[in-house]
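The next block holds one structure in the form of C-alpha cells; read it before the comments.
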4 protein chains.
Amino acid sequence: MSAAPAYSYLGPAGTFTEAALKQVPEAAGKVWHPVNNVGEALDDVVTGRSVAAMIAIENSVEGGVSATQDALANIPGLRIIGEFLVTVNFVLVARPGTTLADVKVVNAHPVAYAQTHLWLDAQLPTHGHIPAASNVAAAASLLLDKTADAAIAPPGITDHHDLVVLASDIGDNPNAQTRFVLVSRTVAVPEKTGSDKTSIIAELPDDRAGGLLDMLEQFATRGVNMSLLESRPIGDAMGRYRFVIDLDGHILDERVADALLGLKRFSPNVIFLGSYPRADKLEIEVTQRYGDEVFIEARDWLRGLISGEH
Amino acid sequence: MSAAPAYSYLGPAGTFTEAALKQVPEAAGKVWHPVNNVGEALDDVVTGRSVAAMIAIENSVEGGVSATQDALANIPGLRIIGEFLVTVNFVLVARPGTTLADVKVVNAHPVAYAQTHLWLDAQLPTHGHIPAASNVAAAASLLLDKTADAAIAPPGITDHHDLVVLASDIGDNPNAQTRFVLVSRTVAVPEKTGSDKTSIIAELPDDRAGGLLDMLEQFATRGVNMSLLESRPIGDAMGRYRFVIDLDGHILDERVADALLGLKRFSPNVIFLGSYPRADKLEIEVTQRYGDEVFIEARDWLRGLISGEH
Amino acid sequence: MSAAPAYSYLGPAGTFTEAALKQVPEAAGKVWHPVNNVGEALDDVVTGRSVAAMIAIENSVEGGVSATQDALANIPGLRIIGEFLVTVNFVLVARPGTTLADVKVVNAHPVAYAQTHLWLDAQLPTHGHIPAASNVAAAASLLLDKTADAAIAPPGITDHHDLVVLASDIGDNPNAQTRFVLVSRTVAVPEKTGSDKTSIIAELPDDRAGGLLDMLEQFATRGVNMSLLESRPIGDAMGRYRFVIDLDGHILDERVADALLGLKRFSPNVIFLGSYPRADKLEIEVTQRYGDEVFIEARDWLRGLISGEH
Amino acid sequence: MSAAPAYSYLGPAGTFTEAALKQVPEAAGKVWHPVNNVGEALDDVVTGRSVAAMIAIENSVEGGVSATQDALANIPGLRIIGEFLVTVNFVLVARPGTTLADVKVVNAHPVAYAQTHLWLDAQLPTHGHIPAASNVAAAASLLLDKTADAAIAPPGITDHHDLVVLASDIGDNPNAQTRFVLVSRTVAVPEKTGSDKTSIIAELPDDRAGGLLDMLEQFATRGVNMSLLESRPIGDAMGRYRFVIDLDGHILDERVADALLGLKRFSPNVIFLGSYPRADKLEIEVTQRYGDEVFIEARDWLRGLISGEH
C-alpha cells in the first residue's frame, strides 16, 4: 500500500467523475489515480493501491450503471462511504478555427451521444457518429487525427485541451444528474447524520412465489422507505435476477437494522454495500411509530414479559 | 394468602370446569374453591386467595366465551399457565321415578340448552325451558322445587345428586369440546416444550386504514401461524374492537418474540396473556427459514456489518 | 303466505326488538308476530308466515349475537334489508309497594344482568340473581310468583305491566346500543343510497397458510373498508372458523362488486347477506381512485386494448 | 406504405438481430430493412415503411436494453407481436494472414466486449480496445483501415466479409442469450396459445408510500406471476421511475385481464405493449383457483345476488 493515500476515478482529468471526486474534502491534496473503467477502480481499492474509488452508479436519464451494480455485487470486501451528485451537461468542442457549419462527423461517448441526440438532430441533422471510450477521450481524439470534426465533452474540457467551444448546454435534459459513490474497503459504518442512505443488493429465494412482494414487506412493515429498486440479471440464466436497493436511513437506525435482519433471514444472499450520508442532504422523516425509542421500548417490554415483571 | 395453595373454578362440584381442573397434577390434594363466575375466579387470583383459577375460554360449537375474554382484557396482572380440553356431553336427569314421557319442562343453562336443542326438538317437541345459572344448578333445582321435570347436566352429575339419567349423549355435536385455561398471577414464562401456544389481546391503531391487515402482516412476515382470531367490542362505542389472538409457538421462540416486538410497536395496547403448553400436544412445525438459528445468524451478521468485520 | 303481511320479532311487546321494529315505516299498521328466539323468527320468514323478521345482531358492549350470526350462516334464502340501532338502557322494576331496600332477589335476562352488574354491585351488594328468558319475561315473572323482588327491564315496561320503577338508567355504559337487522326472503338488492352497508359470511380455504390475510387483501386492494370482522366456529371441530364481515358500501358500488368477485373466487363458501341502508346514515367516502367511473374507464381501456383500438 | 411489406432490424446482415428475424416465418421472402438503432427501427413501423421491426429487449448477462425499454415507453401506437431468443456467442476475426500472436488492438461493440473480457484478459492480456457501433461494424472496420488487428463478431460474420476466424466460442458465459421482440403498429391481440406473455410499462402514483408493494399486490391477488420487473428512470428527475413488467399469461386470460384492470385503476400511466406467444414455449400452469371458469362462475354468482335469484 502506498504511503500517500490515493483515490481512483474514471479519468482522465476533466471527466464528470473527477468533478465528483473534487467534492470529497479528504481527497484534497492526495494522489488522484485516473483509471479506464469501474473494474480497474475497484481493483485499486481491493489491492490497497487506493484508499477509495469514485464510481458512477446512476444517471437520472440513462438509469443505473450496470457495470457498477454488477461489480459491487460480485467483488467482496467493498463498502460505499459517500454519495455525490454531479449535474451533467455537455459542450460541443472542435479544433480552433472550426465553425459549426464545418461539422460533419462527431466523436462522442455513447451515453453522452444519447443525452444530446435531440440537439444534434436539430442542429446537425446529417452528422455521422464515431463512438469514444470516455467523454474526455472523445475530445482528445480531435487532436490525434482528423476523422472527426467535433466532439461532445464535459464543460471544463478546454482547461485541459487546446479546443474551442462551438455550442454549450447541448444536453437534452437540463436537469440531468449523475450519482456517484465513493467506495472503500470494508470498514465500520460511520455515525448517523440524520440524512443517510443504506445500499444493499439482495437475491430472492427460489422456492416461493411472490418472493419480491415478501421482500418488500420486510421494509414496509418497519416503515422503511425504498428510494431505488433495480433488477439486474444474475447472469447464469434468463429470468434470474438480483435487486439493487437503496433505503432511506442508516443501519444504526433501529427500523433499518430490523428490516435488514428480516431481509437476511429471507434472502439467500444479501450484500450490504454501506450506510452513508446522502448527497441530497434530505432529512429522513420518520413517523413516531418507527422511531428508535419505539423499538427500544418494545424490547424492554418483551424482556419484562419473559421475566414476569409485567 | 392462605398457607395451603387453593385453586378456584366454576362450581359446584360436577361442572365441566371441575373436570378440567382434575387434569392439573399440581392441583391434586389442594384446596379447590368453587365460585359462581369468571370474575370471582379471577378476583381470587388477583387477591391471592387462590394460586390459580380454571376458566372456560372457548367452546368448539358456541365459540369464544365473551366474559372470559373481556375479563382477561380488563384485569391486569394475570398470566395463562396452562390449557385443557374437556369433551362436552350432556345427560337428561330427573327425580327418581320420572320417565321421559313425564317431562314437560326442562331446566338448563342457556349454553347447554343451545347444544342439545336438536335432540330436545326431536324427543320432547312440546317442552318448556327454564334457564339456569350453571349446568349443575340446573340439576340441583330439581331437588328444590317441582317447576321443572328434568334438567340438562354433565354426565357425572349423579355422583353428586340423587337423580336418575333419562337419556345420555344428548349433545347435538358429538365432537363438542370446551377449552379451559389455568390462570395465575403474572410470573416468568415457563420453558418451551416444542408444543406451545401464545395468547395475546391487541387493539388496532385508530389512525390508519387497513390496520388489521397490517397487524396480521406482523405474524405472516415472521412465519408465525395464528390459530385463533376473535374480535371483541372495546365497549365504549359501536365499531371499536380489540382482537383476541392465539399464536402457534412460545415467546422464547425467536420468531414469536420478533412478531411480538413488531406487534408492540404497532398496537396502542397489547396484552400478553402467556405462553404455555398446548392441550392438544401438537408439535409446532417451523420451516427452516423461521428457525431460531436463522434469527441468531442474522443478528451476528448485522453486528459484523456494523463493526466492519465483513 | 298470509293476506296481511306480518313482521316477526322477539317478543313480547316492550322488548328492545319491538323498539327496533317501530323504526320501520312499512311495518306500521301490519300484523306484528312476537316470537321466542331468532330461530323461530327466521323460520317465520322462510315459511312465509312473515314478510320479514327483526333480529338483534350486535351489542356495543356484549359484541356479536352468536345465535343470530350462526342462524344467518346456516339458513339459506334470507336477505338483510335494513339496519336499526336502539339505545339500550334499563330500569329496575318491582310490584307496587316494594322499595329498593326490600330487594333481595333480582330476575334478569343474562345479557341485561351483565350490563347492569356495576350498578347492582354498588346498590344491592348482597342480591341474588334468577335468570330470565327475555327482558320482558323477567318483569312479567314478578306478577306470576314472588321468587324475585325486582326485575331488570326495558324503560317502557310499565306501559305493559302493572309495575313500578325503583331506579332508572341503571345500565353501566350510557352509550350502549344494540344493532338490529330486518331480514326477508331473498329479493333483488335495493338501490344505492350513498350510505349503505354490505354483510357477508365467508369461510377460508383450508389449503393455504395466511388465508385470512389473503382474504382481507381482497378488500384492501379495492379500497373497501371493513367495519366488522367476527370469527364464529363452524362447529365441526375446534379451530375451524367462518368470518362475519360488514363492508362499507353497496354491492352496486363497483369496488364492492369487484371485491365480492375476488372473495368468491378465493373462498370455498361465501354467503351474501345483503346490501342495505345504514342505520347511522354515515355517507361512505370513497377516494377518487376507487370511484365507479375509475372502474368503468378501466374496462373501456381493456376493451380497447383487446380490439386494438389503442 | 410500400406494396411489399418490409421488416426492419438492426443491421447490417450478420447481426444477432438478423438471426432473430430469420425465426419469423412471415418475414421469409419479404423486404428486410437494416437500420442503425432502435429509434430508426420503430420509426419505420410508426410511419408504415415497415410492417414490423425486430429489436433486442434483454440480454441474459447484460440485462434489459435501456434504449428499447425507453423507446417503447415513449412512442405510442406500438404492439409487441412476437418474442424470439438468440444464443449469443462470439468469434474473434481478423484479416487473412493475421495470427492470434499478431493481435494488439481489438475493435468491438461495448456489449460484446463486456461479454468476452474474461477470454480477452486471459488470451490477450495487453490488448487495446476500440469501440464500434455494432458487432458487424466492428468486423467491417478491419477492412476499412488498419487501426485494429482483430474484431469481436457474431459467428456467421465470415459469410459476409473476407475475414478469418482466430478463435471461436469466446463468450464468457456459454448460456448467454438475447431476447428480441417483433413490434408492429397497434393491432388486435392475437388468440391465446396457452404459452403466452404479456408486457406492460407502468408508473406508480406519487401520492402514496408503498406504491410498488400495492402494485405487485394487483398481480399476486389474482395469481399472476411476474417474470420480469425492471425499473427505468422517467428521466425528469432523480428518483422517479417507471417499471417494465412481463407477466405470465395472455390479456384474454381472465386473471390477467382482471390484474390489468386493477393496475389501470391504480397507476397514473399504464402502457400495454402486447400479449404474444412465448419464445420458450413454456406452458403457463394456473392453479384451479385462478382458472377462467372460476372468474366466470363468480360473475354469474354476483349477477344472481343482485337480481335476487339466490
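The values are calculated or read from the model by the stated rules, or taken from the named source; none is laboratory data. Just so you know, these numbers come straight off a predicted model, no measurement behind them. Ideal geometry is used to build each Cβ from the backbone, glycine not excepted, and the neighbour counts take in all protein chains shown.
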* Structure fact -> Every listed condition ((1) within 12 Å of another protein chain (Cβ to nearest Cβ); (2) touching a helix residue (DSSP H, G or I) at 6+ places or on another chain (Cβ under 6 Å)) holds for residue C:76 save (2)
* Check region C:256-267 and report whether any residue there is among the hydroxyl-bearing types (Ser, Thr, Tyr) and at pLDDT 95 or above. => no
* If you take the residues of region D:217-245 that are closer than 21 Å to residue C:261 by Cβ and among the β-branched types (Val, Ile, Thr), which of them is nearest to the other protein chains (Cβ to nearest Cβ)? -> D:221
* To do: Evaluate the following for residue D:266: is it more than 9 Å from chain C (Cβ to nearest Cβ) and among the aromatic types (Phe, Trp, Tyr)?
  => no
* With respect to residue B:248, is the statement that it is over 22 Å from residue A:255 (Cβ atoms) and either under 21 Å from the mean Cα position of the chain (by Cα) or facing chain A (nearest Cβ under 7 Å) (or both) true? -> yes
* Structure fact -> Those residues of region B:159-175 which are assigned to a loop (DSSP other than H, G, I, E, B) and of a type outside the set (A, V, I, L, M) amount to B:160, B:161, B:162, B:168, B:169, B:171, B:172, B:173, B:174, B:175
* Could you grab me the full set of residues in region B:201-237 that are of a type in the set (Ser, Thr, Tyr) and more than 25 Å from the chain's Cα centre (by Cα)? => B:221
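Okay, residues lined up against (1) in contact with a helix residue (DSSP H, G or I) (Cβ under 9 Å, 6 or more places away or on another chain); (2) closer than 30 Å to residue B:249 by Cβ; (3) at pLDDT 90 or above:
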{"residue": "B:57", "(1), (2), (3)": "yes, yes, yes"}
{"residue": "B:62", "(1), (2), (3)": "yes, yes, no"}
{"residue": "B:68", "(1), (2), (3)": "yes, yes, yes"}
{"residue": "B:83", "(1), (2), (3)": "no, yes, yes"}
{"residue": "B:93", "(1), (2), (3)": "yes, no, yes"}
{"residue": "B:120", "(1), (2), (3)": "yes, no, yes"}
{"residue": "B:131", "(1), (2), (3)": "yes, no, no"}
* If you check C:99, C:47, which single one turns out to be over 23 Å from residue C:176 (Cα atoms), of a type outside the set (Lys, Arg), assigned by TED's automatic domain parsing to the domain that holds residue C:123 and modelled with pLDDT of 90 or more? -> C:99
* Out of curiosity, is residue C:85 in contact (Cβ under 8 Å) with a residue 24 or more places away in the chain and within 14 Å of another protein chain (Cβ to nearest Cβ)? -> yes
* Asked: Within region D:226-250, how many residues are of a type in the set (A, V, I, L, M), buried (at least 23 other Cβ atoms within 10 Å of the Cβ) and either in contact with a Phe, Trp or Tyr (Cβ under 8 Å, 6 or more places away or on another chain) or closer than 19 Å to residue C:265 by Cβ (or both)?
  -> 1
* From the list C:258, C:214, pick out the single residue that is part of a helix (DSSP H, G or I), within 13 Å of chain D (Cβ to nearest Cβ), surrounded by fewer than 21 Cβ atoms within 10 Å (Cβ to Cβ) and touching a residue at least 12 places away in the same chain (Cβ under 8 Å). => C:214
* Asked: Could we say that residue C:40 is surrounded by fewer than 22 Cβ atoms within 10 Å (Cβ to Cβ) and either within 12 Å of another protein chain (Cβ to nearest Cβ) or assigned to a strand (DSSP E or B) (or both) here?
  -> yes
* Filter region D:133-151 down to the residues that are more than 26 Å from the chain's Cα centre (by Cα) and in a loop (DSSP other than H, G, I, E, B), then identify the one that is surrounded by the most Cβ atoms within 10 Å (Cβ to Cβ). => D:148
* Asked: Could you say which residue among D:53, D:114 is outside any loop (DSSP other than H, G, I, E, B) and surrounded by 19 or more Cβ atoms within 10 Å (Cβ to Cβ)?
  -> D:53
* To do: Could you grab me the full set of residues in region B:187-206 that are part of a loop (DSSP other than H, G, I, E, B) and out of contact with any helix residue (DSSP H, G or I) (no Cβ under 9 Å at 6 or more places or on another chain)?
  => B:187, B:190, B:191, B:192, B:193, B:194, B:195, B:206
* **Candidates B:232, B:242, B:289, B:222, filtered to the one that is in contact (Cβ under 8 Å) with a residue 60 or more places away in the chain, in a loop (DSSP other than H, G, I, E, B) and within 25 Å of residue C:211 (Cα to Cα)** => B:222
* Select from region B:3-20 the residues that are crowded, with 18+ Cβ neighbours inside 10 Å and without any contact (Cβ under 8 Å) to a residue 40 or more places away in the chain and list them in ascending order. => B:18
* Asked: Residues in region C:285-310 that are at the interface with chain D (Cβ under 9 Å from one of its Cβ atoms), among the β-branched types (Val, Ile, Thr) and surrounded by fewer than 18 Cβ atoms within 10 Å (Cβ to Cβ): how many?
  -> 1
* Asked: Looking at residue A:154, is it free of Cβ contacts under 8 Å to residues at least 24 places away in the same chain and not charged (D, E, K, R)?
  -> no
* Say whether the condition of being touching a Gly at 6+ places or on another chain (Cβ under 6 Å), more than 30 Å from residue C:51 (Cβ to Cβ) and either assigned by TED's automatic domain parsing to the domain that holds residue C:250 or touching a residue at least 60 places away in the same chain (Cβ under 8 Å) (or both) is met by at least one residue in region C:112-121. => yes
* Residue in region D:176-185 that is in a loop (DSSP other than H, G, I, E, B), more than 14 Å from chain C (Cβ to nearest Cβ) and over 19 Å from the mean Cα position of the chain (by Cα) present -> no
* Take the residues of region D:186-201 that are more than 9 Å from every other protein chain (Cβ to nearest Cβ), surrounded by fewer than 21 Cβ atoms within 10 Å (Cβ to Cβ) and of a type in the set (Gly, Ala, Ser): which is farthest from residue A:248 (Cα to Cα)? -> D:194
* Could you say whether any residue in region D:152-163 is surrounded by fewer than 20 Cβ atoms within 10 Å (Cβ to Cβ) and under 24 Å from the mean Cα position of the chain (by Cα)? -> yes
* Structure fact -> Restricting attention to region D:269-284, the residues that are in contact with an Asp or Glu (Cβ under 9 Å, 6 or more places away or on another chain) and surrounded by fewer than 17 Cβ atoms within 10 Å (Cβ to Cβ) number exactly 3
